[in-house]
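Here is the structure we will look at.
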Amino acid sequence: MKLSRVLIFLPVLVLLAGCQPHGGENCEAPGDNPIRYELTAMDTFMTMTIYNQPGSVAQEHLRQAAGLLQELDALLSVTDAGSEIYRANHSGGETVPLSEDTRRLLEEALALCEETEGALDVTIYPVVRAWGFTTGEYRVPEAAELEALLKKVDFTQVGLTEDGLTLPEGVELDLGAVAKGYAGDRLMDLFRSTGMICSIVELGGNVQALGTKPDGSPWRVAVQAPEGGYAGALEIVDKAVVTSGGYQRYFEQDGEIFCHIINPASGRPVQNSLASVTVVADRGVQADALSTALFVMGREQAEAWWREHPDFEFLLLEKDGTAVITEGLEDCFSLYGDWKNHPLEVIRK
Ligand code: AMP
Ligand code: MG
């Protein structure tokens with residue numbers, strides 16, 4: 001772990017010319033005083049940057065935040081034998097007591113599984129494992145094997161009561177699609193509770209911002225292009241920006257690409273017109289869950305779902321190079337670099 005003061009430059013953030021603030025509170029300028037903290041948790045590289053705090057105070061807040069991330073990692077890891085999720089997955093049907101955090105995340109995640117009609121399904125773990133995504137020993141399972149495993153994939157089987165969490169034998173949870181989003185929400189709550197009004201965190205590609213940039217302008221968050229580099233930039237204030245992409249983790253066999261996001265209806269890696277889905281929402285857990293679920297749904301269904309659930313916006317990058325945004329992003333998204341020549345479509349209500 002490294003605690004360092006650096007110039008403001010985060011790998012997924014492009015800091016371009018300023019633009020008008022869209023609301024939110026401004027940090028007091030001058031003297032932004034950025035302090036950045038880097039760590040690895042939840043199998044991913046994370047950075048947190050806070051502004052306008054005296055050095056020792058900032059460092060204390062960041063240490064607390066890092067501690068929180070390590071705690072969440074220890075609770076939610078699917079591979080760590082001490083985690084609550086691991087214990088539930090290996091409980092043989094017994095009820096396992098839960099911490100407040102695991103309970104809250106599960107409640108939110110199960111509600112989103114329901115709302116997305118199972119496009120998000122946190123019991124997908126047995127299938128994810130069968131394809132080798134948990135170990136890197138990739139394989140293409142037989143249809144019969146997938147059919148048998150899919151009998152254990154059903155989020156409605158998850159029993160969450162005051163006593164704890166009960167999973168029927170063979171049902172296993174994987175919170176990989178939502179845990180970092182939840183962690184982002186917890187960090188924002190923690191920072192807000194200290195009176196902080198200006199910070200940004202990047203949790204393995206999930207970006208979440210509190211307030212505006214120190215000068216009062218929106219944060220500019222770059223969106224990765226599937227082929228590398230950046231496809232566009234989003235201006236945000238007080239939002240989470242989360243991308244799910246087939247290019248993030250995949251393997252290739254006999255000329256076919258198999259990505260790490262599974263369609264729970266078929267048990268097979270998603271194959272549709274989408275290269276990635278980026279969701280912009282108030283809450284990290286919502287953005288994280290929806291980026292995964294909309295990727296599963298594909299463009300048409302994602303559009304229909306957004307029309308019925310208007311409390312978020314999205315950006316799709318299609319494999320054919322088209323960028324598609326919902327109308328709420330029209331004033332805060334711009335294509336970037338080579339992507340300036342790509343078609344940009346706007347979905348309207
Ligand atoms: P994300 O990168 O947030 O889209 O999450 C992808 C991760 O969530 C994968 O690596 C799996 O561990 C898990 N996952 C894959 N497909 C699904 C799904 N349909 N619903 C819930 N979790 C999934
Ligand atoms: Mg996700």
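When the Cα centres of the range 322-349 and the range 45-69 are compared, how far apart do they sit, in Å?
34 Å
Helix 179-193 against the longest principal axis of the chain: what's the angle in degrees, Cα atoms only, rounded to the nearest 10?
On a 0 to 90 degree scale, this one is about 40.
Using the Cα centre of the range 246-349 as origin and beta-carbon charges of +1 (Lys, Arg) and -1 (Asp, Glu), tell me which of 293, 262, 315 is placed farthest towards the positive end of the dipole.
262
Sorted by average packing, counted as other Cβ atoms within 10 angstrom per residue and highest first, what order do 96-102, 314-320 take? Display every interim value, and only then the final one.
Values: 96-102: 16.7, 314-320: 19.4.
Order by mean packing, descending: 314-320, 96-102.
First compute the accessible area of the range 206-349 with a 1.4 Å probe, then give the percent of it belonging to carbon and sulfur atoms. Intermediate values should be presented prior to the final figure.
Numbers: 2350 of 5520 Å².
Exposed carbon and sulfur together represent 43 percent of the surface.
Rounded, prolate or oblate: pick one for the range 168-271, where a ≥ b ≥ c are the square roots of the eigenvalues of its C-alpha gyration tensor, a/c under 1.5 means rounded, and failing that, prolate if a/b is larger than b/c, else oblate.
Working: a/c = 3.98, a/b = 1.58, b/c = 2.52.
Oblate, since a/c reaches 1.5 and b/c is not below a/b.
Please check which bits of the range 217-247 a label hung off residue 340 would reach, taking the label as a point 7 Å along Cα-to-C-beta and the cut-off as backbone N under 15 Å.
Backbone N within reach: 230-233.
Take each of the peptides 287-300, 67-80, average the number of other beta-carbon atoms within 10 Å over its residues, and list them starting from the highest. Provide the component values of the computation, followed by the final result.
Values: 287-300: 25.7, 67-80: 17.9.
By packing density, highest mean first, the sequence is 287-300, 67-80.
Could you provide, to the nearest whole Å², the per residue accessible area of the range 36-137 with probe 1.4 Å?
Per residue, the range 36-137 has an accessible area of 40 Å².
How high is the FRET efficiency between residue 348 and residue 320 when r is their beta carbon distance and R₀ equals 22 Å, given to the nearest 0.05?
Working: r = 21 Å, r/R0 = 0.96.
That pair, residue 348 with residue 320, gives E of 0.55.
Under the rule a/c < 1.5 gives rounded, and otherwise a/b versus b/c splits prolate from oblate, where does the chain land using the Cα gyration tensor? It would help to have the intermediate numbers written out before the result.
Details: a/c = 1.87, a/b = 1.25, b/c = 1.49.
It is oblate, given that a/c is not under 1.5 and a/b is not larger than b/c.
From the helices alone, meaning DSSP H stretches of at least four residues, give me the mean residue ellipticity at 222 nm for the chain, per-run term -39500 (n - 2.57), in deg cm²/dmol to the nearest 500.
Details: 8 runs with 97 residues, N = 349.
Helix-only estimate at 222 nm: -8500 deg cm²/dmol.
With axes computed from alpha carbons, what is the tilt in degrees of helix 100-115 against the longest principal axis of the chain, rounded to the nearest 10 within 0 to 90?
In the chain, helix 100-115 runs at an angle near 70 degrees to the longest axis.
The values are calculated or read from the model by the stated rules, or taken from the named source; none is laboratory data. Because the structure is predicted, anything quoted here is derived from the model rather than measured. Here Cβ is always computed from backbone atoms with ideal geometry, including for glycine, and neighbour counts include all displayed protein chains. The protein model used for the area step is the full one, side chains on, heavy atoms only, and it has no ligands, DNA or RNA in it. Shrake-Rupley method; radii C 1.70, N 1.55, O 1.52, S 1.80 Å.
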